[in-house]
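The values are calculated or read from the model by the stated rules, or taken from the named source; none is laboratory data. Keep in mind the model is a prediction, meaning the values are calculated, not measured. Backbone-built Cβ (ideal geometry, glycine too); neighbour counts: all protein chains shown.
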Amino acid sequence: MSKRLASPLQDLEKRPCPSDSLSDPDETIITCSNELASSTPKPKGKMSQEDQLKEKITTFLSDPDILKVLSKAVASQVIAEFRKELGDLKTEVAHYRAEVEKRDSEIVQLREKMDDLEQYSRRNCIRINNIPEIDKEDTDIVVKAVGKSVGVDLTDAMIDRSHRVGRRPGPGETYNRAIICKFTSFRFKLSLMRNKKNLSQTDPRKIFPDRAWPAARTPTPKLFINDDLTQARSELAAKARQLKREKKLEDTWVRDGVVFAKQGSAVSRVTTMRGLLALL
């Protein structure tokens, strides 16, 4: 009984390729290709054109120099394609970055316009702070009493609406909610704002004796009359006052819902936090 002979390819598969111990991929390809070419049986007789072409290609690819040239050419082409795609991606990213910056700028402008519109809707409004609250109070009477204390006679026809704003104090809480008042005309509001400096000469405990004021021996409590500002402008005005306390701004004030800051001899109208910090 004759033994079946293994094919050269099967024999090659069983034998470890000497290139397995090589670290250079090009040397591995060259060495294994050489082994494959040397183990391929030589055809007998006349070869077809297809077999001749395959043999020539095998011989061509078994040349180490040819393989090195091909590997470098492929690597060069891949790198060139990668660089092209990377350049296209960078261009696309730059385009989208410019679009995002444009949208951010538009959003900032829209927010400023919305804030202007909201502040304008509050043009006839004021806030009175630090008046103790009592049950079933008439805030219109409170506003008229404050106006009288600074020398401004307010009538019911001048007041459109007034009420406390904010959350009611809970058990154990002692803070006083502000009173917001909307006048029927900007002129009525302006007359009160022009005379609010007289509050410093008035003891509010005498204006509202029925309220829970601190004891008479304590410092005189102070009342405050301010424009009814939007949240953004209120934060801006608070920041400006903080900078004034820190001696970084010479002076700051709010007039008709607009925050002003004085630095040296220059007076600036401030509309954004960035604009305020730019004055420092």
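Observations, loosely collected:
- When residues in the range 228-246 are screened for being basic (Lys, Arg) and closer than 22 Å to Lys182 by Cα, 1 of them pass.
- In the range 242-257, the residue that is nearest to Leu117 (Cα to Cα) out of those that are touching a strand residue (DSSP E or B) at 6+ places or on another chain (Cβ under 6 Å) and surrounded by fewer than 17 Cβ atoms within 10 Å (Cβ to Cβ) is Trp253.
- Number of positions in the range 268-280 that are in a strand (DSSP E or B) and surrounded by fewer than 14 Cβ atoms within 10 Å (Cβ to Cβ): 1
- Matching entry among Ile128, Ile134 (being hydrophobic (A, V, I, L, M, F, W, C), within 36 Å of the chain's Cα centre (by Cα) and either in the same structural domain as Asn198 (by TED's automatic domain parsing) or not in a helix (DSSP H, G or I) (or both)): Ile128
- Test result for Arg111, within 30 Å of Asp160 (Cα to Cα) and either of a type in the set (Lys, Arg) or in contact with a strand residue (DSSP E or B) (Cβ under 6 Å, 6 or more places away or on another chain) (or both): yes
- Residue within the range 116-125 that is of a type in the set (A, V, I, L, M), outside the structural domain of Ala212 (by TED's automatic domain parsing), over 30 Å from Arg164 (Cα atoms) and part of a helix (DSSP H, G or I) present: no
- Per the listing Ile141, Ile79, the residue uniquely among the aliphatic types (A, V, I, L, M), free of Cβ contacts under 8 Å to residues at least 12 places away in the same chain, surrounded by 10 or more Cβ atoms within 10 Å (Cβ to Cβ) and in the same structural domain as Thr220 (by TED's automatic domain parsing) is Ile141.
- In the range 212-230, the residues that are free of Cβ contacts under 8 Å to residues at least 40 places away in the same chain reach residues that are part of a loop (DSSP other than H, G, I, E, B) and surrounded by fewer than 17 Cβ atoms within 10 Å (Cβ to Cβ) with C-beta atoms within less than 6 angstrom, at least six apart or across chains, in these pairs: Thr220/Asp203.
- Single unsatisfied condition, Thr218 versus (1) surrounded by fewer than 12 Cβ atoms within 10 Å (Cβ to Cβ); (2) in a helix (DSSP H, G or I); (3) of a type outside the set (Gly, Ala, Ser): (2)
- Restricting the range 180-202 to residues that are of a type in the set (A, V, I, L, M, F, W, C) and either over 15 Å from Lys148 (Cβ atoms) or outside the structural domain of Thr139 (by TED's automatic domain parsing) (or both) leaves a set whose member that is surrounded by the fewest Cβ atoms within 10 Å (Cβ to Cβ) is Phe186.
- Some residue of the range 244-261 being assigned to a helix (DSSP H, G or I), not β-branched (Val, Ile, Thr) and not assigned by TED's automatic domain parsing to the domain that holds Ser200: yes
- Among residues of the range 164-180 that are closer than 10 Å to Ile131 by Cα and free of Cβ contacts under 8 Å to residues at least 40 places away in the same chain, those with a Cβ under 7 angstrom from a residue that is surrounded by 10 or more Cβ atoms within 10 Å (Cβ to Cβ) and not aromatic (Phe, Trp, Tyr), sequence gap 6+ or separate chain, pair up as Tyr175/Pro169.
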